Amino acid sequence: MKNLSKEELLSRLEAINRSNAIIYFDLDGYILGMNSIFLTAMGYQEEDHKQLIGKHHSIFVSYEYSKSDEYKKFWEKLREGKFFEGEFERKKIDGSPIYLQATYNPILNESNVITKVMKIATDITETINSKNKINALSKDLQIELEKSQHLKNSIEIEKNAALNDLDIIIKKSQSELIKVIVKVALSVIVGVGV
């Protein structure tokens, strides 16, 4: 990238800027600037740009996370030059969650000193919400299948008990029938005088 002309670098940056949410932070996490795509994604208006300058990145995360060791280490690692990429849950101006596929990139000056952090992001909230709905439906379906299996097992138990009862009744009836036949046969034998 160092061999590229300034014009080429600027045109590449413009291409990224046209299609991604971008925000810049100083090394302590304070906002230096952002593009309109970022503002829109986070629920802000264009005119909110100036009021966000100087605010801390923590306005985009939960209070609990902003006070965590993980969050502190996140910024320490960025100051050390480590970049982060992945899916990040953040919060919009209205407090609703937004999911971003993003990279946090430390930016070096000509002396190779880290001067700021650039975040490049894409809103993947719809995809995450769809995945969550599919997971919930899958879980509900699994529960229904388990209930169905339980019902099937209960029906099988009841069927076996009914068959067993029927078998007992048939055997009892056969036994009673045999007794009647034996009595009748004995009466006939006694009556005939054999």
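The values are calculated or read from the model by the stated rules, or taken from the named source; none is laboratory data. The shown structure was predicted, so the numbers you read here are calculated from the model rather than taken from an experiment. For neighbour counting, all protein chains shown are included, and Cβ atoms are generated from backbone atoms with ideal geometry for every residue, glycine included. The accessibility values were calculated without ligands, DNA or RNA, using every heavy atom of the protein model including side chains. Shrake-Rupley method; radii C 1.70, N 1.55, O 1.52, S 1.80 Å.
Restricting attention to the range 106-150, the residues being more than 30 Å from the chain's Cα centre (by Cα) and either open to solvent by 80 Å² or more (accessible area, probe 1.4 Å) or under 23 Å from Ser19 (Cα atoms) (or both) number 6.
Would you be able to say whether some residue in the range 62-77 is more than 14 Å from Met118 (Cβ to Cβ), open to solvent by less than 100 Å² (accessible area, probe 1.4 Å), in a helix (DSSP H, G or I) and basic (Lys, Arg)? Checking the range 62-77: at least one residue is more than 14 Å from Met118 (Cβ to Cβ), open to solvent by less than 100 Å² (accessible area, probe 1.4 Å), in a helix (DSSP H, G or I) and basic (Lys, Arg).
Residues that are more than 22 Å from Lys92 (Cβ to Cβ), among the aliphatic types (A, V, I, L, M) and at pLDDT 90 or above within the range 6-34 comprise just one, Leu27. Of the residues making up the range 26-58, just one is without any contact (Cβ under 8 Å) to a residue 24 or more places away in the chain, touching a strand residue (DSSP E or B) at 6+ places or on another chain (Cβ under 9 Å), open to solvent by 60 Å² or more (accessible area, probe 1.4 Å) and in a loop (DSSP other than H, G, I, E, B), namely Ile53.
Remark: pairs (first residue in the range 113-135, closer than 12 Å to Phe38 by Cα and at pLDDT 90 or above; second residue open to solvent by less than 30 Å² (accessible area, probe 1.4 Å) and assigned to a helix (DSSP H, G or I); Cβ separation under 9 Å; 6+ apart in sequence or on different chains) = Lys119/Phe38; Lys119/His57; Ala121/Phe38; Ala121/Ala41; Thr122/Ala41; Asp123/Ala41. Screening the candidates Gly86, Gly81, Gly191 for the property of being modelled with pLDDT under 80 and small (Gly, Ala, Ser) yields one hit, Gly191. Candidates in the range 81-95 are the residues that are exposed (fewer than 11 other Cβ atoms within 10 Å of the Cβ) and touching a residue at least 12 places away in the same chain (Cβ under 8 Å); of these, the one that is farthest from Thr40 (Cα to Cα) is Gly86.
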